[in-house]
Each structure stands twice: as C-alpha cells, then as structure tokens.
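Accompanying notes for the structure given below.
The values are calculated or read from the model by the stated rules, or taken from the named source; none is laboratory data. From a predicted model like this one, the values you see are computed outputs, not experimental measurements. Reconstructed Cβ throughout: ideal geometry from the backbone, glycine too, with neighbour counts over all protein chains shown. SASA here: full protein model, heavy atoms, side chains in, ligands and nucleic acids out. Shrake-Rupley method; radii C 1.70, N 1.55, O 1.52, S 1.80 Å.
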Amino acid sequence: MSKIDFDIAERIDWTADVAPIAWPGDPEAAARTQLRALRKEELAIARGFYKGASWPYAVISLAGFATWLALFPLTILHLINPLAACLVATLIGIGGFITGHEGMHGNLRWNTSKSAGKSQTRRDLLLNEWVGWISLIPIVIPFTVARATHIAHHTHCNDPVRDPDYCDHAPNSWAALFKTWYNRQPGVQGVQYNYGRVLRAMGTPEAEAAQRHGLLYHLGFLAALSILAWTGHAIAAAMVWWLPRQLALSYIRFTFSWAPHHPRTQAKGRYGNTRVFRSRCGHLLSAGMQYHVIHHLYPNIMIHKNKAAFYALRPVLEARGVDCSALPQRD
Amino acid sequence: MVFVMQRLVKMTPFLFGIGFIAPLLIQIMALGGFAGPWGLSRAAFGLAFGAGWGLLAVWRGRWL
C-alpha cells in the first residue's frame with residue numbers, strides 16, 4: 001500500500017462540502033479527490049473574475065503618456081513647478097508599469113464581454129502591444145523586454161538563476177530599498193544584467209529582438225537626455241524624466257518585486273511563491289500587492305480585481321496551505 | 001559590432017556625465033547665480049565635474 005501523504009491530507013478542510021469523500025477506501029485516493037474538488041472550486045471562483053472592462057487601462061495609459069509628454073513644455077515654460085512635475089511624472093511612471101503589466105499578460109480586450117485569457121483577436125494583440133509600449137516609455141523599459149522577463153519570472157518564480165527578478169531579494173525592507181538603487185549601478189550584476197542574461201538564455205527570436213530593443217532604449221534614453229540638456233532644458237529633463245524614472249523604478253522594484261516575494265526562500269510551487277501580507281502603507285500605496293498570490297495563480301485576473309478575488313478564494317487558498325493570517329477574514 | 005556596442009554600453013556612465021550631468025550642473029549654477037570655482041567658467045567646471053564623476057562611475061561600477 002502506498003504511503004499516505006499526510007502533508008496533503010492535513011491541509012484539506014475535510015468538513016467542506018465540495019465533493020464526496022472516498023472514505024473508507026484508499027486514503028490517498030480520497031486526498032486526491034479532495035484536491036481535485038478544491039481545484040475545480042478554485043477555477044470556478046477564479047473564472048468569475050476574468051471578465052470585465054479593460055478599456056480603463058488603455059485610456060489611463062494613453063492619458064498618462066500624453067500628460068507626461070505635456071510636462072516637458074509645461075516645465076520648460078515655467079508653467080508648472082518642477083517638483084510638482086516630478087511628482088506627477090513619478091506617478092505616471094508607476095501607473096504606466098501597472099497598465100503595461102496588464103498588456104504583458106494580454107489582459108486587455110476590445111470586446112469586454114470576452115474573458116481575459118481566452119484566445120485573442122488581432123485587435124486585442126495590437127491593443128496589448130500599444131498599451132504596453134506607451135505605458136513603459138517614461139520608465140524606459142521596452143515592452144518586449146518587460147514581457148519576456150516577466151513571463152520568465154512567473155515561470156521560474158523565486159529560482160535564484162532563472163527568475164530575473166531574484167536579484168531584488170533582501171533580508172528586510174531597508175535593505176530592499178537600498179537594493180532598488182544598488183541594482184541600478186553600472187558595475188553591479190543587478191536588474192539590467194539579469195534581464196540580459198535571462199533573455200540570452202532564452203535564445204528565441206523574440207528574446208533577441210528584446211535585447212536589441214533594450215540596447216536601443218538604453219542609448220536612446222542617454223541621447224534624448226543629452227539633447228534636452230545641451231539645448232538648455234536639463235532641469236526639465238531631470239525633473240520630468242530622469243528623477244521620476246529613478247523614483248518609479250525604486251517603488252516598482254520594492255513594491256511589486258520585493259514585498260510580495262519576500263523572503264524568496266519559499267517553496268516554488270504555485271501556492272507558495274508569494275506571501276500574503278498586511279501593508280503599513282494601505283491598499284492603494286502598496287498597489288494591492290498583499291494579494292499578489294492571486295496574480296501568480298491567475299495572471300489573467302486584472303489587478304483591480306485581485307482583492308475581491310482573494311477574499312472569494314481565501315477558503316480554498318487556506319485549504320491549500322497558503323498562510324492568509326496576516327489579513328482580516330473579511331475586507 | 002557587438003564589441004563596439006559592449007564598449008559603448010560600458011562607457012555610458014561617462015557619456016551620461018558629459019551628456020547630462022555637465023549641462024545639468026551648468027544650468028543649476030546659472031539658476032543659483034553661482035560662478036565656477038578656481039576661476040573656471042561654469043561650462044568648464046560642469047564638464048570637468050560630469051566627465052570626472054562619469055569616469056569614476058565607470059571605474060568603480062557605482063555612482064556613489
């Protein structure tokens with residue numbers, strides 16, 4: 001008789017009314033039946049969060065990009081305080097990452113009655129590409145690089161070698177904040193180095209194109225800043241592009257990469273590669289990353305629905321062994 | 001070509017120093033009404049500072 005997986009059995013809520021329990025037969029078969037029932041229940045709940053209007057992401061990305069462009073003449077003509085411009089540009093950079101991220105997962109749809117994750121039309125593909133490219137310009141990341149490395153992060157989450165975001169690991173929040181800066185230093189094997197390394201290892205035509213785009217963006221950004229600066233607009237370039245990009249990237253690395261995956265030594269399984277945590281900064285400032293487990297389980301659920309999806313899925317997650325104790329039982 | 005690009009990327013802190021830091025410093029000094037130290041013009045000081053800091057970043061691998 002095969003060994004009973006007590007670890008699995010212990011995590012199952014045996015009182016849940018989800019499926020007939022195959023008892024007193026083979027206990028392992030009973031555990032499997034329960035797990036299958038849990039999986040079915042999980043999928044049924046998750047699918048309820050797939051549909052919904054994604055057009056606000058497209059509108060926000062377009063409006064954000066237009067506003068960001070407008071900040072240059074507004075700052076140059078002294079129509080806006082450079083510090084205010086810097087703040088607005090930083091928010092646009094962060095927001096752009098969020099809208100671009102939906103594009104990375106192909107979640108944007110022309111036809112809102114269709115679920116994300118189902119087959120895309122050509123128009124859907126173009127919409128995701130467009131939103132992705134324009135959203136990420138303020139933080140100077142080519143969409144192809146972001147998409148390929150982000151999918152690698154999902155596929156190999158918390159793998160020290162194959163997860164391109166693993167370099168953000170740090171023992172505490174202060175060290176993590178420091179690392180957001182340190183990992184951007186020219187001689188450090190930080191984010192840029194690891195993204196390049198992972199893209200080279202992929203070896204696909206898409207990854208090669210992404211590397212070319214990365215190089216073009218790197219040199220293009222330098223050229224654009226230099227042209228703006230030497231034509232007398234250095235302060236505008238610094239306050240609308242260079243500094244907001246630094247601030248936005250630090251926020252993104254800390255909030256979207258370090259916080260939900262800390263301490264990165266967790267199991268690599270789909271239920272264990274993120275953590276559920278209570279943020280001191282609140283839901284909005286932490287961009288809902290407390291519920292990042294939902295994103296890793298169902299990347300096609302758009303970010304604004306992760307919180308609701310978490311509370312709907314919480315009993316299933318807890319049955320699967322996810323530690324949800326950091327958050328209250330109900331929102 | 002790859003070699004040239006690699007060298008170019010390696011030198012970007014220096015290029016950033018003369019391309020961006022230098023004019024930024026010059027314009028900040030002009031805005032604050034500061035003259036260049038040691039009898040240098042703002043442009044000469046900005047370029048020396050930007051190029052020096054950029055070269056240091058290339059050499060050390062860090063800006064600070």
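For the range A:168-243, the helices (runs of 4 or more DSSP H) that sit wholly inside it and include 1 or more residues that are acidic (D, E) are A:205-228. From the list A:V161, A:V88, the lone residue that is open to solvent by 20 Å² or more (accessible area, probe 1.4 Å), part of a helix (DSSP H, G or I) and of a type in the set (V, I, T) is A:V88.
Within the range B:28-46, the set of residues being in contact (Cβ under 8 Å) with a residue 24 or more places away in the chain and either open to solvent by 70 Å² or more (accessible area, probe 1.4 Å) or at the interface with chain A (Cβ under 8 Å from one of its Cβ atoms) (or both) is empty. Only a single criterion out of (1) part of a loop (DSSP other than H, G, I, E, B); (2) open to solvent by 10 Å² or more (accessible area, probe 1.4 Å); (3) of a type outside the set (V, I, T) is not satisfied by A:C324, namely (2). Screening B:L15, B:L25, B:L56 for residues that are at pLDDT 95 or above and out of contact with any helix residue (DSSP H, G or I) (no Cβ under 8 Å at 6 or more places or on another chain) leaves exactly one candidate, B:L56.
For (1) at pLDDT 95 or above; (2) under 15 Å from A:F97 (Cβ atoms); (3) open to solvent by 40 Å² or more (accessible area, probe 1.4 Å); (4) of a type in the set (G, A, S), each residue gets a yes or a no:
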{"residue": "A:S135", "(1), (2), (3), (4)": "yes, yes, no, yes"}
{"residue": "A:I139", "(1), (2), (3), (4)": "yes, yes, no, no"}
{"residue": "A:A146", "(1), (2), (3), (4)": "yes, yes, no, yes"}
{"residue": "A:C157", "(1), (2), (3), (4)": "no, no, no, no"}
{"residue": "A:Y166", "(1), (2), (3), (4)": "yes, no, yes, no"}
{"residue": "A:A175", "(1), (2), (3), (4)": "yes, no, no, yes"}
{"residue": "A:T180", "(1), (2), (3), (4)": "yes, yes, no, no"}
{"residue": "A:N194", "(1), (2), (3), (4)": "yes, no, no, no"}
{"residue": "A:R197", "(1), (2), (3), (4)": "yes, no, yes, no"}
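If you filter the range A:273-321 down to residues that are part of a loop (DSSP other than H, G, I, E, B) and of a type in the set (K, R), you find that the one that is least open to solvent (accessible area, probe 1.4 Å) is A:R320. Please indicate, with yes or no, whether at least one residue in the range B:11-27 is open to solvent by 70 Å² or more (accessible area, probe 1.4 Å) and farther than 17 Å from A:F221 by Cα. Checked against the condition, which is being open to solvent by 70 Å² or more (accessible area, probe 1.4 Å) and farther than 17 Å from A:F221 by Cα, the range B:11-27 yields no hits at all. With respect to being surrounded by fewer than 15 Cβ atoms within 10 Å (Cβ to Cβ) and not in a helix (DSSP H, G or I), A:A53 fits the description.
If you check A:A66, A:A148, A:A170 for being over 29 Å from A:R264 (Cα atoms) and out of contact with any Gly (no Cβ under 6 Å at 6 or more places or on another chain), only one passes: A:A66. Within the range A:215-240, residues that are facing another protein chain (nearest Cβ under 10 Å) have Cβ atoms under 6 Å from residues that are not in a helix (DSSP H, G or I) in these pairs: A:F221/A:V140, counting only partners at least 6 apart in sequence or on another chain.
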